[in-house]
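Below is one structure; the comments refer to it alone.
The values are calculated or read from the model by the stated rules, or taken from the named source; none is laboratory data. Keep in mind the model is a prediction, meaning the values are calculated, not measured. So basically every Cβ, Gly included, is an ideal-geometry build from the backbone, and we count neighbours across all protein chains shown.
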Amino acid sequence: MNQIIRGRLPQFITLKRFLGRLTGVQFTLIPLLTAILLAAVQQNFVQAQRPAPEAAIVPRFQLHHVTLSVNDAERVSQWYVDTLGFTISDRFTLTRPNGSQVQVVRIETLGLQMNISEFDGSVAPDRTVDEQGWRHLAFQVDNVDQTYQHLQASGVQFLTEPFTYDPPGYRIAFFRDPEGNILELYQDL
């Protein structure tokens, strides 16, 4: 800092004289004003050296499982095993805070876990493909048409025949599980 002041001493003296003439301030007050100015510069320098506040950390989400509420967990989970190739990975009973129970059969395929859950006293709604909210669960397959034919031969009733959306370029078909939940076959083209 002393080198900076020494290097600019002629300018500092000129400024000192200018301020003295302009405002009529005595030269004895100039060092006080200079000290205040230097303190302000130092404060700004210290604030500039502080690290910036960290950005808010946005949590990453990964799908863990999907729960499907049904009337008969055993029958529906077995249908997913027999018809769509899922495997049963667990069975358990949950007791809810109100004392009611939930029978759960956990099934999975290719990293997707589904809890087929039978809640005491639940009632199935009548669902359509067009309703708002969660509409359906889509399964990506290699070939929609071949999978459609295979499932039809297994007795699956489809809501639609396979059709294509182009753009964006995919082929789909909708069907239902034994309790009316809407499922989709999906293929990127």
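Being under 24 Å from Trp134 (Cα atoms) and exposed (fewer than 10 other Cβ atoms within 10 Å of the Cβ) is the filter here, so list the residues in segment 60-97 that pass it.
Arg60, Phe61, Gln62, Leu63, His64
In segment 93-102, what count of residues is obtained for those that are closer than 28 Å to Arg176 by Cα and under 29 Å from the mean Cα position of the chain (by Cα)?
Of the residues in that region, 2 qualify.
Suppose we keep only residues that are assigned to a loop (DSSP other than H, G, I, E, B) and at pLDDT 90 or above within segment 159-168. Which one would you say is surrounded by the most Cβ atoms within 10 Å (Cβ to Cβ)?
Selected residue: Pro162.
Those residues that are touching a residue at least 24 places away in the same chain (Cβ under 8 Å) and out of contact with any strand residue (DSSP E or B) (no Cβ under 7 Å at 6 or more places or on another chain), I need them from segment 85-98; list them, please.
Keep residues of segment 85-98 that are touching a residue at least 24 places away in the same chain (Cβ under 8 Å), which gives 85-86, 89.
Selection gives nothing.
Could you tell me how many of the residues in segment 169-179 are touching a residue at least 40 places away in the same chain (Cβ under 8 Å) and part of a loop (DSSP other than H, G, I, E, B)?
Total satisfying the criteria: 3.
If you go through segment 135-158, how many residues are in contact (Cβ under 8 Å) with a residue 40 or more places away in the chain and surrounded by 12 or more Cβ atoms within 10 Å (Cβ to Cβ)?
11
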